[in-house]
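Reviewing the structure listed below.
Rule-based calculations on the coordinates, nothing more; no lab input. Everything quoted here is computed from the prediction, not taken from an experiment. Here the Cβ is made from the backbone with ideal geometry for all residues, glycine too, and neighbour counts use every protein chain on show.
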Amino acid sequence: MHALLLMFAAVLGADSRSILNARNLIDHEWSVACTYSEAVYDPISGRTSGTRPVFACDLLTLREDVRWDAGTAWMIQYRKTGEGYRTTAFKGFFQIGVRDEMDVLIVSLGFTKKYTATGVIAQVGMANWSLDTRFQSQGGRFALTLENGNRVPETALELSFEEAFYVDEQGRETVLRSSPVTFSQRIMGEGSIRTLRTPEFATVGATLELCRGDMFQEEIGLKMPPTFKVRAPTSKPHVVMKPTGSTPPTSPSPPLATDPAEAILAKAKEAYEKADYRRAITLCTAALELSPSLTSAIKWRGYAYYELTEYVQAGRDLSDVIKRDPSDSFAYLKRAQAYLQLGYFSRGVSDYTERVRLSPNDPYAFNSLAWVLATCPDSSVRNGKLALVHAEKACQLTDFKNAFCIGTLAAACAETGDFARALRLQAVALELHSDSRKPQATQILRSYENRKPWREHPREGL
């Protein structure tokens, strides 16, 4: 454990009253499980094809260090579909304090490490965790309303996510700046302050509803990430505690009001999920009028333009997003798809290549790039040998169990003239594909039987 714990920058106040049942937060695990529907994304066509059920389970655990109100924090998020599972674990620090009005506890989290694990359900107990070296340390403040003004709830918590911020490697809130752009910024030697609007671990403005207990072990049996220690439930008596916290700021900040632009963007996302793409565009534009720096509004507008096949406008918005945030892997994906639909194959390959660099553990990043390199109608873009490399990687990351990745590897083999292997792989892909995908998979198989590599045309599904 680092000696320096998360500096509590939320509002702390000296207080003589006690917080009842406070150890309930740190003596137990807190989790939630639910099932919801998500759109099924086809990594080859770049479109959605219906929905699928997703089982979700989130875990929050706070482990005390020297004081009860500060220590190590873990937030683990598990998602299971019929095809497999994906899990993300955030590790960092926590600190607990009391807001001036005294009926609210503030839980500050600062995450400095991110681990990921994916695989098939049968191997969930053998999860192979990897450290995301590109993760930007980040944190946030959550408000917990106390019962009767001074008691931590017994079995259920509602944590309202009020504000997100960047943190340093010790989990302390810090200020990051963009590169100097204007003349005055260059003179001063620093750019504008960067605001963390879209943290990875939760959505600002959302409420985390958690129940006492560890559903990860009870429902999933997941192998936990490195250094995480599973603990048995305790039955320590409820004792009276007083949060000490760090030195409070000289100017206490009031609770944050809801950002109108963020509220409009939330409605835009709802419209997008309901396939009302034109309304989503209108709402995103309205949000940008209130907050021109709201990059996520530009991004969602670009997604909506793409779904409406307005690829030029989609490309413009996504280019703006990438200019503002060059690390946005998904923006590269969607812009690549827009380029391909417009016939700009080389640009599409370039964006797919950058996405692979940004997401080295994402099998679909490798798969998308390999598919274009193997099947593009432009011979100057095709590269069978390189397609083989990326397709093999995609299959390795999915344990050779994903129909799309296996089909892409088959296409790469056909492009390099290895039709015998292409036929074997395509037969496996055909078996794994859903009924709706089997007709095209069969058509591709027939092409290989005639010793003809497959050629994909963007408007037919690239």
Fill in: Gyration tensor (alpha-carbon) shape descriptor, region 364-462, a/c threshold 1.5
rounded
Worksheet item: Roughly how many whole Å is it from the C-alpha centroid of region 55-113 to that of region 308-371?
Response: 32
Item to complete: Based on other C-beta atoms within 10 Å, arrange CYS413, CYS284, CYS57, CYS211 from fewest to most.
Response: CYS211, CYS57, CYS413, CYS284
Discussion item. Beyond a 26 Å Cα-Cα separation, which of these cross-linked pairs lie in this structure: LYS80/LYS269; LYS269/LYS323; LYS114/LYS385?
Written reply: LYS114/LYS385
Worksheet item: Can you sort LYS114, LYS323, LYS269 so the residue with the fewest Cβ neighbours within 10 Å comes first?
Response: LYS323, LYS269, LYS114
Discussion item. Using Cβ contacts closer than 10 Å as the measure, can you line up ASP58, ASP351 from fewest to most?
Written reply: ASP58, ASP351
